[in-house]
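The values are calculated or read from the model by the stated rules, or taken from the named source; none is laboratory data. This structure is a prediction, so every number in the text was calculated from the model and none was measured. Don't worry about glycine lacking a Cβ; one is built from the backbone with ideal geometry, like all the others, and counts go over all protein chains shown.
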Ligand SMILES: [Zn+2]
């Protein structure tokens with residue numbers, strides 16, 4: 001009987017599975033973990049979507065440091081309402 005894997009290991013396996021780096025034994029243990037663990041099933045499904053999305057749109061490298069700063073500022077700005085430019089000035 002092969003040993004069971006933890007959720008942390010399952011997450012690691014799921015990430016590596018997308019890169020095709022799992023052995024047959026690892027795939028089996030992951031499959032058995034997913035059969036018993038709904039949280040990791042959700043993670044697995046999301047990971048597949050993300051991997052497909054990233055493969056279709058290799059945009060991450062196209063973002064400049066300035067773009068990233070703008071995005072970060074926007075995200076931070078939304079959490080502290082009105083501190084930055086409100087956009088409704090005349
Ligand atoms: Zn799990």
| said: Among the numbered criteria (1) modelled with pLDDT under 85; (2) more than 16 Å from the ligand (Cβ to nearest atom), which one does residue 3 miss? | reply: (2)
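Of all residues in the stretch 35-65, which are part of a loop (DSSP other than H, G, I, E, B) and at pLDDT below 80?
Once the filter is applied, which keeps residues that are part of a loop (DSSP other than H, G, I, E, B) and at pLDDT below 80, the stretch 35-65 yields 57, 58, 59, 63, 64.
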| Any residue in the stretch 14-26 that is surrounded by 18 or more Cβ atoms within 10 Å (Cβ to Cβ) and near the ligand (Cβ under 10 Å from one of its atoms)? | yes
| query | Taking the stretch 5-24, which residues are touching a helix residue (DSSP H, G or I) at 6+ places or on another chain (Cβ under 7 Å) and either part of a loop (DSSP other than H, G, I, E, B) or touching a residue at least 40 places away in the same chain (Cβ under 8 Å) (or both)? | reply | 5, 22
| Could you list, in sequence order, the residues of the stretch 27-38 that are in contact (Cβ under 8 Å) with a residue 24 or more places away in the chain and exposed (fewer than 11 other Cβ atoms within 10 Å of the Cβ)? | none
| Qualifying residue in the stretch 25-34 (condition: part of a loop (DSSP other than H, G, I, E, B), over 13 Å from the mean Cα position of the chain (by Cα) and at pLDDT 95 or above) | no
